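Here is the structure we will look at, set down as structure tokens.
The values are calculated or read from the model by the stated rules, or taken from the named source; none is laboratory data. These numbers come from a predicted model, not from an experiment. Cβ: placed from backbone, ideal geometry, glycine included. Neighbour counts: every protein chain shown. These accessible areas exclude ligands, DNA and RNA; they are computed on the full protein's heavy atoms, side chains included. Shrake-Rupley method; radii C 1.70, N 1.55, O 1.52, S 1.80 Å.
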Amino acid sequence: MNIVILGAGRTGSYVASILSEEEHNVTLIDKDPKALEKAGRESDVATLLAQAPSWKLFEDLIEGKPDLFFAATGNDETNLVCCSIAKNLGFPKTIARMQAREALNYPRLDLGRLFFVDYFVGPEVLAAQDLFKVLARSGDLAMEHFAHGAIHMRTIQIPDQWDQGGLPIHKLSLPEDLIAGLIRRKMADGETVLIPHGGDHILPGDQVTLVGEAKVMHQLHEIFQTPEHRIRSVVLVGGTAVAVHLTHFLCQQRIGVRIIEKNPSRCAELAEILPDATIINRDGRDPHLLQSEKIENADALVSCTQQDETNILIGALAKQLGCKKVIAQITEGYYVPILEKVGVMPALSARVNVANRILSILDEETTLSIASLSCDAAKIVELKVSPSSKLVGIPLSHLNLPKGLLIAVIQSQGCVTVGRGNRILCPDDIVIAICHPQQVPKLQLLFH
């Protein structure tokens, strides 16, 4: 597809690189030549130096027969106006990045209709929601919902006292509507990510992603003997938009929040918009500050600055000082082993969530949503079975699916079932599948 992205900042450049890897033709536009030079050097995208909004710019772009326009600047108003111009000049689909939480939920104005926006993406809201899911259930490493909440996905750490590692999965007494979709296992020479089948084993120390009906997911901590504690206080380092959205979610649940931010003017803004949070104008990299704030007594610390390296440093400091649960936001997956060695949980940044959302929009006929597992080591994809799909009417055991691809759950006519070998797919069924990232296009093709 031909895709035009406005804004070569962190979000726009990252999405452009991911779409380029998926073999889409991407044109990246920005007024900053240095940002464009950096993006062009790091990924295979066309770059265009231009100022927006400009109707002449979009009139020239329409000659390239674009399929989608994504306004990814850091200014909501610019994104809305540019989507309006693009749509009226003939762009088939428009996507606007929005940072203002109120604009996404304002009931009296339909911004999509007013500005001709087909889809809104709030990177910071998506990232904050993911962090909140992990914090709300302190025993979980990740959590996601599918099929309008009927299906839950949760990732848990199997405790060292787990005594059923000698049994293959098909012999474990798991509820019928629950399936192990992914196992991440540390090995002597590194780690491996498995998409398991019945003959595989769940071992102590594994990180296991389980998928199933909402009603059975409440039993996970009993089945796998994992502890579960309610959190009461959280420390956030970095007064970013992600921190603001996350604070709103936490305060709604009456969870105490402290935000550490080194910029005085940003602290003044935070104090005004977040009256229920405590704002601390200091540098979160200072170990003496973390000690004075008694970080060891906090239930969790989330480092969500704009820099991966800063988040890693702060996360390691907090863990060293005794904080029970530490999460560091990162964009680059190669930092994951470093974080895990010091006991810090990695969390994907807002940019990764946006890329997943846009990938699902590009194939909206069959793909309902895409989420990342184990810091993008695998994808969990929610798909709708097309009437023309070659998979219709054939038992799962006879499909000869590629290795590393698992159909975990099927929702058919309101009934949710685990994807066992005798299940048969019907037109318009909703399927939750797990696969390696490079297999997503092949998976989407199977369901067309």
Filter result for Thr47 (among the polar types (S, T, N, Q), modelled with pLDDT of 90 or more and out of contact with any Phe, Trp or Tyr (no Cβ under 7 Å at 6 or more places or on another chain)): yes
Total residues in region 274-308, condition among the charged types (D, E, K, R), under 13 Å from Gly238 (Cβ atoms) and surrounded by fewer than 16 Cβ atoms within 10 Å (Cβ to Cβ): 1
Residue list for region 229-268, restricted to those being modelled with pLDDT under 90, part of a helix (DSSP H, G or I) and in contact with a Leu (Cβ under 8 Å, 6 or more places away or on another chain): none
Only one of Phe70, Phe116 that is surrounded by 19 or more Cβ atoms within 10 Å (Cβ to Cβ) and either within 21 Å of Ile361 (Cβ to Cβ) or modelled with pLDDT of 90 or more (or both): Phe70
Wholly within region 385-448, strands (runs of 3 or more DSSP E) carrying at least 3 residues that are surrounded by fewer than 18 Cβ atoms within 10 Å (Cβ to Cβ): none
Subset tally (residues that are surrounded by fewer than 19 Cβ atoms within 10 Å (Cβ to Cβ) and under 20 Å from Lys93 (Cβ atoms)) for region 25-52: 4
Which numbered condition Asp376 misses (of (1) under 12 Å from the mean Cα position of the chain (by Cα); (2) not in a loop (DSSP other than H, G, I, E, B)): (2)
Residue list for region 280-294, filter: more than 27 Å from the chain's Cα centre (by Cα) and not polar (S, T, N, Q): Ile280, Arg282, Asp283, Asp286, Pro287, His288, Leu289, Leu290, Glu293, Lys294
Odd one out for Gly190, checked against (1) touching a strand residue (DSSP E or B) at 6+ places or on another chain (Cβ under 9 Å); (2) open to solvent by less than 50 Å² (accessible area, probe 1.4 Å); (3) within 28 Å of Pro337 (Cβ to Cβ): (1)
Search result, residues across region 329-362 that are open to solvent by 20 Å² or more (accessible area, probe 1.4 Å) and part of a loop (DSSP other than H, G, I, E, B): Glu332, Val342, Gly343
Residues being crowded, with 18+ Cβ neighbours inside 10 Å and either farther than 23 Å from Ala350 by Cα or touching a His at 6+ places or on another chain (Cβ under 8 Å) (or both) - total across region 229-273: 1
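Would you mind stating whether Thr226 is in contact with a strand residue (DSSP E or B) (Cβ under 8 Å, 6 or more places away or on another chain), open to solvent by less than 30 Å² (accessible area, probe 1.4 Å) and at pLDDT 90 or above?
Values: in contact with a strand residue (DSSP E or B) (Cβ under 8 Å, 6 or more places away or on another chain): yes; open to solvent by less than 30 Å² (accessible area, probe 1.4 Å): yes; at pLDDT 90 or above: no.
So Thr226 fails the test.
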For Val385: the one exception among (1) within 21 Å of Asn356 (Cβ to Cβ); (2) out of contact with any helix residue (DSSP H, G or I) (no Cβ under 8 Å at 6 or more places or on another chain): (2)
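Matching residues to (1) part of a strand (DSSP E or B); (2) over 29 Å from Leu250 (Cα atoms); (3) basic (Lys, Arg); (4) at pLDDT 85 or above:
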| residue | (1), (2), (3), (4) |
| --- | --- |
| Met143 | yes, no, no, no |
| His148 | no, no, no, no |
| His152 | yes, no, no, no |
| Gly166 | no, yes, no, yes |
Pair list, Cβ < 9 Å and 6+ apart or interchain, from region 204-225 residues that are under 18 Å from Lys186 (Cα atoms) to residues that are open to solvent by 60 Å² or more (accessible area, probe 1.4 Å) and in a loop (DSSP other than H, G, I, E, B): Pro204/Asp160; Pro204/Gln161; Pro204/Asp163; Gly205/Asp160
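Just to check your reading of the model, which residue among Pro196, Pro123 is touching a strand residue (DSSP E or B) at 6+ places or on another chain (Cβ under 9 Å), closer than 30 Å to Leu80 by Cα and at pLDDT 80 or above? First the steps, then the outcome.
Working: Pro196 fails: closer than 30 Å to Leu80 by Cα.
When all the criteria are applied, what remains is Pro123.
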Cβ pairs under 7 Å, 6+ apart, first in region 323-345 and under 17 Å from Met187 (Cα atoms), second part of a helix (DSSP H, G or I) and of a type in the set (A, V, I, L, M): Ile338/Ile312; Leu339/Ile312; Val342/Ala316
Matching residues in region 35-77 - criterion: being part of a loop (DSSP other than H, G, I, E, B), in contact (Cβ under 8 Å) with a residue 40 or more places away in the chain and more than 27 Å from the chain's Cα centre (by Cα): Ala52, Lys65
Failed criterion for Asn311 (all others in (1) open to solvent by 10 Å² or more (accessible area, probe 1.4 Å); (2) more than 20 Å from Gly205 (Cβ to Cβ) hold): (1)
